Amino acid sequence: MDPIRAPMRELLLEISGSDKNWIYYCVVSFFIISTLGATVLSAGFLVLSVYFWTHFRSIRFFWFLTQLTTSTFIISASNLFINIPAALSLFPKEVTQSELFYFVSYLIDFCHYSIIFSNLVIAVQRGFVFFLRNLTEQLFESKIIYIWLASIYIFSFGVEFTLMISNCQYRFGETASGKYSGNSGKYQLICETVGYGNIIISMATPAGVQLMETVLQIGIPIFILCIYFAIITKIVSMKGSTLSKNETLFLKQAMFVFIIFQASSCVFLFAQSVQITNVGAFLVKRFVNTMEILAGAATPSFFFLTSKEIRKLISTKVSAVSSQGSSNIQVRAARF
């Protein structure tokens with residue numbers, strides 16, 4: 001049995017030194033910096049989430065944020081350990097074809113989908129807070145919230161399982177028989193089935209898979225953006241004034257996440273529509289990896305870096321520790 005394969009297969013093509021121009025190094029450097037930064041940030045956010053859990057456990061939004069941060073950390077750390085070495089050609093071909101490599105690649109895709117659905121649920125929860133406040137407690141109370149949290153992973157697994165049972169994966173310049181068409185080609189979603197005599201043959205992409213891809217790449221990001229725009233519009237209409245600083249940050253977060261999702265989708269759609277070279281395909285894959293990381297890190301970064309509650313709690317803890325340290329010094333000085 002073949003190992004589990006991610007929807008976007010790792011490229012095993014050699015890239016010559018002449019193809020490694022400034023664009024190549026900029027994309028790879030940005031990917032590495034984004035991966036390192038997101039790993040450190042998400043790890044720090046998780047530590048803060050655990051440390052301040054007793055203060056925020058009553059806030060349902062914080063539950064979803066912690067789940068999203070966990071997925072962000074997994075996807076960035078996984079990229080750190082497999083895709084950065086792969087981008088730097090530190091892995092031999094045998095490693096990139098191993099079951100462990102495919103499993104981690106599958107885990108990255110799973111976390112990417114969970115980030116999409118986490119952002120969706122967070123947007124829906126905020127929408128209920130602003131437009132259907134009387135139903136918010138009923139739909140997001142302590143017992144029902146577990147259903148929301150579980151649904152994020154269920155839908156993410158459903159996407160991956162659908163692609164797996166349809167044996168669909170994105171390949172660059174490769175036919176169903178596994179042969180490359182040359183030094184240029186397109187990314188294609190190739191679906192295969194087992195024919196007579198156990199011969200693997202290609203088949204048309206199922207309509208359900210095409211619809212699913214459209215919803216994930218276009219439908220959900222647009223829906224999230226519409227929710228945030230509706231929230232901001234209501235805030236402005238209620239106040240009868242311009243946006244405050246926090247409300248502007250709120251809208252910037254939605255715009256940033258939307259742009260990242262759509263930038264990744266547009267570039268990948270371009271790679272499926274026109275002929276690109278091997279190095280172009282490599283850069284497209286790294287760009288998609290980078291956008292996955294940034295999209296996951298956006299929401300927790302905006303919250304933890306702009307939240308007044310977090311800053312107040314941290315300053316309180318730091319002041320308490322400093323005061324305790326000063327008291328201990330004074331006691332020791334008095335003893336001597």
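Things to note:
- Some residue of the stretch 87-97 being touching a Lys or Arg at 6+ places or on another chain (Cβ under 8 Å) and surrounded by 13 or more Cβ atoms within 10 Å (Cβ to Cβ): yes
- Residue in the stretch 305-314 that is touching a residue at least 12 places away in the same chain (Cβ under 8 Å), under 22 Å from Ile222 (Cα atoms) and either hydrophobic (A, V, I, L, M, F, W, C) or out of contact with any Lys or Arg (no Cβ under 7 Å at 6 or more places or on another chain) (or both) present: no
- Scanning the stretch 79-130 for residues that are farther than 21 Å from Leu294 by Cβ and aliphatic (A, V, I, L, M) gives Leu90, Val95, Leu100, Val124, Val129.
- Residues in the stretch 137-158 that are under 24 Å from Phe229 (Cβ atoms) and touching a residue at least 60 places away in the same chain (Cβ under 8 Å): Phe140, Trp148, Ile152.
- Complete set of residues in the stretch 46-71 that are part of a helix (DSSP H, G or I) and small (Gly, Ala, Ser): Ser49, Ser71
- Restricting the stretch 97-112 to residues that are within 27 Å of Ile147 (Cα to Cα) and of a type in the set (Phe, Trp, Tyr), the residue that is modelled with the highest pLDDT is Phe110.
- Restricting attention to the stretch 72-96, the residues that are of a type outside the set (Val, Ile, Thr), part of a helix (DSSP H, G or I) and at pLDDT below 85 total 6.
- Hey, Val284 surrounded by 14 or more Cβ atoms within 10 Å (Cβ to Cβ), closer than 24 Å to Thr39 by Cα, in contact with a helix residue (DSSP H, G or I) (Cβ under 9 Å, 6 or more places away or on another chain) and modelled with pLDDT of 80 or more or not: yes
The values are calculated or read from the model by the stated rules, or taken from the named source; none is laboratory data. Everything numeric in this text was worked out from a predicted model, so none of it was measured. Neighbour counts are summed over all protein chains in view; Cβ atoms, including those assigned to glycine, are modelled from backbone coordinates with ideal geometry.
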